[in-house]
1. Would you indicate which of (1) 22.2; (2) 20.2; (3) 21.4 is the value of Kirkwood radius over Cα pairs in Å derived from the coordinates of this structure?
2. For the range 55-131, compute Rh as the Kirkwood radius over C-alpha pairs and then the Stokes-Einstein diffusion coefficient at 20 °C and 1.002 mPa s; write the answer in µm²/s, rounded to an integer.
3. Any idea what the alpha-carbon Rg over 2.2 N^0.38 Å comes to for the range 261-306?
4. For an R0 of 51 angstrom, estimate the FRET efficiency from the Cβ-Cβ distance between Thr14 and Lys236 and round to the nearest 0.05.
5. Please state the relative contact order of the chain as a whole percent: Cα pairs under 8 Å, 6+ residues apart?
6. Search the structure for amide H atoms under 5 Å from the amide H of Gly21, placed 1.01 Å from N in the peptide plane, and list their residues when 5 or more places away or on another chain.
7. Please label the shape of the range 120-196 as rounded, prolate or oblate, based on the square roots a ≥ b ≥ c of the eigenvalues of the alpha-carbon gyration tensor (a/c under 1.5 means rounded; beyond that, a/b larger than b/c means prolate, else oblate).
8. Could I have the simple spin-label model distance between Tyr261 and Ser124, label points 7 Å from Cα toward Cβ, reported in nm to one decimal?
Amino acid sequence: MSEYINTLSLADLTHGMHFDGIVLVRTAEFRETQAGKKYLDMNVSDRTGTMNAKMWDASVAPPAIGSVIHIRASGNEYNGRMQLRLEKVDTIRPTDTIDWNSLVPSAPEDPVAMREEITTAAESIPDSDYSLLTCALLERCGDKILTFPAAKQMHHAERSGLLHHTVTMLRTAKALLPIYPQLNASLLIAGVIVHDLGKLNEMNGDDMGFVSDYTLEGKLIGQIIRGVILIEEVGKSLNIHPQKILLLQHMVLSHHGIPEYGSPKPPMLAEAEFLHLIDTLDARMNEMEEAISHTSPGSFSEKIWGLDNRQIYRMPHFEPRE
């Protein structure tokens, strides 16, 4: 029996450095160069993030998405972004021991503690109807929420990413609410907590936080509409005031802002606008952090689709003046 424990993470890799360890396959396919030569192109990840990897002789068939492989490769900087130049790809045998903590991209905080923080916030909502409804919606999630990601590929696409995204937004809302006392804090906190719970039905996620595909419900309805339906079902079962149900449904329905991003209605409440803005803020900060983590100091990242195809500049380290 072999034991694979990574001593080097992908985030630590620099140009010319050798990598010998295990990674999780995110995408894998054959592509062709302009000259028509076939090569293997993959995106692989460990707990520190995702990195592109290429094998130019195409001697290995594309591994299955979601599989764990052992690779030997060297770091290659291209346009200010690190890649892996693959030398060898091996499958992992069932008898091999894997250090999963070094393998899976994960939220930086303990998922149980994050769920407890969110649950405590739900129980503390001043409006008893919104508190009852929010707690019931959280209860329906079960333990699935502990490992579920917030996305397949974009922001917070990590183990426990949904909790990470929600708890960060919750802290942001609590920090800013004293500045905007005109907002209904109960509606806003409830909206923050439940706005993405429909994702649990939208994607097929496993305990590693990896999404293999969207569910049939996710493809035909989507997480926003599913969330609205869920609020209706649970709210009516608890005899919540119909207009309170409607207001919380609008929070979820409009949190992406515009139809092009999936919201059938734009925010028509101050609380809904606030929710949309902090959702966008947290998503973009997370994507920028991810881009910077794979970019050399003093260089630009590759274009980030979720950031309007912008390139993000990573500032160099400046020594303090004496």
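1. (3)
2. Rounded to a whole number, D works out at 125 µm²/s.
3. Computed over Cα atoms of the range 261-306, the ratio equals 1.54.
4. It comes out at approximately 0.35.
5. For the chain, the relative contact order is 14 percent.
6. Ile71
7. oblate
8. 2.8 nm
Read-outs: derived from the displayed coordinates by stated rules, not from any lab. Just so it is clear, the model here is predicted, and its values are computed rather than measured. Reconstructed Cβ throughout: ideal geometry from the backbone, glycine too, with neighbour counts over all protein chains shown.
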